[in-house]
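Report on the following structure.
The values are calculated or read from the model by the stated rules, or taken from the named source; none is laboratory data. As the structure is a prediction and not an experimental result, all values here were calculated from the model. Note that each Cβ is placed from the backbone with ideal geometry, even for glycine, and that neighbours are counted across all protein chains shown.
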Amino acid sequence: MYSFVSLLPQRNSSVHFPAKPDTSEIPPPSYIAPLLVQAHRRPESDQSVSEETMMTLLIIAYLGGVLTILSPCILPILPFVFARAGQPFVKSTLPMLTGMAATFALVATLAAVGGNWAIRANEYGRLAAIVLLALFGVSLLSPRFASTLARPLVDLGNNLVNASGGGRTAPTVRSALILGVATGLLWAPCAGPILGLVLTGAALQGANLETSFLLAAYAAGAATSLAVALSVGGKIFAAMKRSLGLGDHIRQVLGAAVLAGVAIIALGLDTSLLSRLSYASTASLEQAVLDRLHAKPPAAAPSELASNDTTIVAADAKKPFRSDLPVEGYAPSLDGAVEWLNSKPLTTEELRGKVVLVDFWTYSCINCIRAIPYTKAWAEKYADQGLVVIGVHAPEFAFEKKIDNVKSAIDDFKIGYPVAVDNDYKIWRAFENSYWPAAYLIDAKGQIRYHHFGEGNYGRTEKAIQDLLREAGSEMTASAPVTPDATGVEAGPDLGNIRSGETYLGYEQATNFSSPEGLQADAPQNYSISKPGLNGWGLSGNWTVGKDQATLDQAGGGITYRFSARDLHLVLGPGDEAKPVRFQVKIDGKSPGPDHGSDIDADGNGAVTATRLYQLVRQSGTVAARNFEIRFLDPGVQAYAFTFG
């Protein structure tokens with residue numbers, strides 16, 4: 001079963017804050033991919049939002065909510081709403097929609113900023129709401145059958161029936177509000193560009209009035225469109241009752257529809273099936289709203305580019321070429337880096353006349369690692385034609401702030417272009433960036449003309465580079481896009497087989513932890529392994545779990561994870577003493593053999609020598625759910641996060 005928590009921004013398309021129960025075998029929701037495919041989230045920011053920008057965002061959020069009536073994801077809750085058709089607006093419809101909107105905004109805010117406890121609380125609330133609304137549906141179908149249920153539940157069910165008019169008493173504000181709260185707990189709107197923008201802001205800014213107002217505006221927009229639909233539907237139902245005498249039959253049909261909606265939500269079809277139908281139907285409308293109101297950051301590539309990924313030479317050579325890439329604003333300053341590597345400090349002013357690709361990355365991010373071969377290839381291919389590539393290294397973890405670690409990563413990845421070490425996120429904030437990786441293309445006049453968030457769409461990005469170089473006067477000739485020979489951890493992901501998502505081991509964002517002892521924060525604890533479900537993980541041995549990582553206190557401890565993906569990666573470090581830590585990997589209790597990753601041998605042996613991402617599994621045959629186990633032969637290792645490909 002999924003909830004709205006599944007909509008939160010993720011660092012990896014396979015799924016930041018997964019909300020599935022430990023035993024879930026359902027693949028992660030695919031509707032996240034079009035918006036945030038293969039991208040990290042932004043680090044915490046202390047940016048304030050101007051009144052004008054905030055008002056624009058509130059309008060966008062409200063309009064995005066209004067558009068949810070066009071999304072298939074609204075279908076499972078429509079029966080709960082239409083069950084009150086024909087009832088007084090003030091005593092029935094308004095309290096129900098208010099309860100739904102307020103519950104969604106409150107729980108969405110808590111889930112975005114409250115961590116694992118809020119997610120678990122929401123899961124329990126959803127289970128209670130499913131039971132409660134199922135009782136509501138049965139009561140609509142057969143009040144006589146409902147009377148045979150346990151008396152306390154019948155009383156509650158009757159209150160809900162009264163809210164819909166299914167009983168003989170007048171609807172009450174309290175009963176309608178209860179039904180609205182239950183509906184709000186089960187509502188999982190599809191993640192279009194607008195909701196993605198709102199939830200990203202919630203996760204980044206934390207618990208504040210801006211976050212709550214944006215989510216409330218979105219919910220209010222949805223409630224408005226539902227109220228209009230209910231008003232129209234109520235008139236139709238009233239006419240049918242008067243002319244055809246179908247009052248009891250309508251009530252029974254609504255009861256069956258309510259039970260169908262409950263079943264769809266309980267089975268997770270509201271976010272696994274309907275969401276796949278939704279993106280194509282509403283995303284273009286939401287993107288039009290964003291573009292019209294100039295919301296930042298945009299969620300989609302700014303222009304349609306040629307489909308053949310090759311340079312098209314203008315037919316009229318005498319006419320200056322002008323790209324149709326839109327102007328997104330002037331590029332901000334590159335000041336603020338704590339150090340520049342591979343170059344002296346560069347400024348936006350001295351780069352005028354050049355086409356500049358600014359690439360935000362961090363060295364333990366698997367999405368960034370897989371995009372590096374393309375960025376390097378572009379830097380080499382187009383250097384003589386006026387392209388300057390600048391990498392902006394913005395750390396996620398504390399160890400990524402160490403300059404020596406960044407230098408080692410640059411050497412390992414053989415990066416030759418300039419890298420600005422943005423430990424204080426000053427360049428990041430100047431660009432109003434939100435993701436790793438993120439690419440911004442700046443034309444010869446210093447204007448941002450194109451952006452892309454996450455890995456992928458390399459042909460589109462290269463075509464944008466070519467267009468801006470031609471616009472700057474470069475004599476471009478037709479050429480095929482780059483095709484780097486990426487191997488090992490840099491190889492592209494097998495997106496069709498990823499059913500596991502990024503999982504943090506630090507207690508601040510840890511989810512799906514299955515060891516029976518539970519996570520103990522900042523204190524040594526002996527852990528044992530229980531059999532995890534898909535995407536569940538556990539510890540064995542003596543560990544101290546910190547905010548961002550788990551540290552092994554005694555040799556012999558291990559980590560298990562049941563995953564389903566071609567590749568499994570784990571960010572590991574040797575700890576404070578910086579001594580190599582030996583380890584051994586097993587898959588389904590056996591040596592990995594041909595399924596070993598690039599950082600271990602066929603027997604599963606490896607060593608943690610630096611703090612970085614380690615590729616431990618690459619399935620060579622059919623990709624299936626597997627049990628991964630890593631056991632450390634020495635103490636001190638620090639484990640940060642799993643990612644998959």
Would you mind stating whether residue 375 is under 26 Å from residue 482 (Cβ atoms), in the same structural domain as residue 470 (by TED's automatic domain parsing) and among the polar types (S, T, N, Q)? yes
Subset of the stretch 470-481 [among the acidic types (Asp, Glu) and surrounded by fewer than 13 Cβ atoms within 10 Å (Cβ to Cβ)]: 475
Here are some conditions: (1) at pLDDT 95 or above; (2) farther than 23 Å from residue 547 by Cβ. Residue 393 meets all but one. Which one does it not meet? (2)
Would it be correct to say that residue 435 is aromatic (Phe, Trp, Tyr), in contact with a Leu (Cβ under 9 Å, 6 or more places away or on another chain) and within 23 Å of residue 350 (Cβ to Cβ)? no
Tell me the residue from 532, 516 that is part of a loop (DSSP other than H, G, I, E, B) and crowded, with 19+ Cβ neighbours inside 10 Å, please. 532
Can residue 363 be described as hydroxyl-bearing (Ser, Thr, Tyr), within 24 Å of the chain's Cα centre (by Cα) and assigned to a helix (DSSP H, G or I)? no
In the stretch 422-469, residues that are closer than 24 Å to residue 395 by Cα, part of a helix (DSSP H, G or I) and touching a helix residue (DSSP H, G or I) at 6+ places or on another chain (Cβ under 7 Å) total 1
So for the stretch 449-464 (the condition being under 23 Å from residue 405 (Cβ atoms) and surrounded by fewer than 17 Cβ atoms within 10 Å (Cβ to Cβ)), does at least one residue qualify? no
Looking only at residues that are under 26 Å from residue 475 (Cβ atoms) and surrounded by 12 or more Cβ atoms within 10 Å (Cβ to Cβ) in the stretch 314-342, which one is modelled with the lowest pLDDT? 314
Kindly indicate whether residue 380 is acidic (Asp, Glu), within 22 Å of residue 484 (Cβ to Cβ) and surrounded by fewer than 17 Cβ atoms within 10 Å (Cβ to Cβ). yes
Given the conditions (1) crowded, with 21+ Cβ neighbours inside 10 Å; (2) outside any loop (DSSP other than H, G, I, E, B), every one holds for residue 388 apart from (1)
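Listed here are the residues, each with its yes/no results for (1) outside any loop (DSSP other than H, G, I, E, B); (2) surrounded by fewer than 17 Cβ atoms within 10 Å (Cβ to Cβ); (3) β-branched (Val, Ile, Thr); (4) at negative phi.
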site	(1), (2), (3), (4)
575	no, no, no, no
578	no, yes, no, no
586	yes, no, no, yes
594	yes, yes, no, yes
600	no, no, yes, yes
614	yes, no, no, yes
617	yes, no, yes, yes
620	no, yes, no, yes
Quick check on residue 551: is it of a type in the set (Val, Ile, Thr) and at pLDDT 95 or above? yes
Quick one: in the stretch 482-507, which of the residues that are touching a strand residue (DSSP E or B) at 6+ places or on another chain (Cβ under 6 Å) and part of a loop (DSSP other than H, G, I, E, B) is surrounded by the fewest Cβ atoms within 10 Å (Cβ to Cβ)? 507
Count of residues meeting criterion [at pLDDT 95 or above and either hydroxyl-bearing (Ser, Thr, Tyr) or at positive phi (or both)] in the stretch 622-636: 1
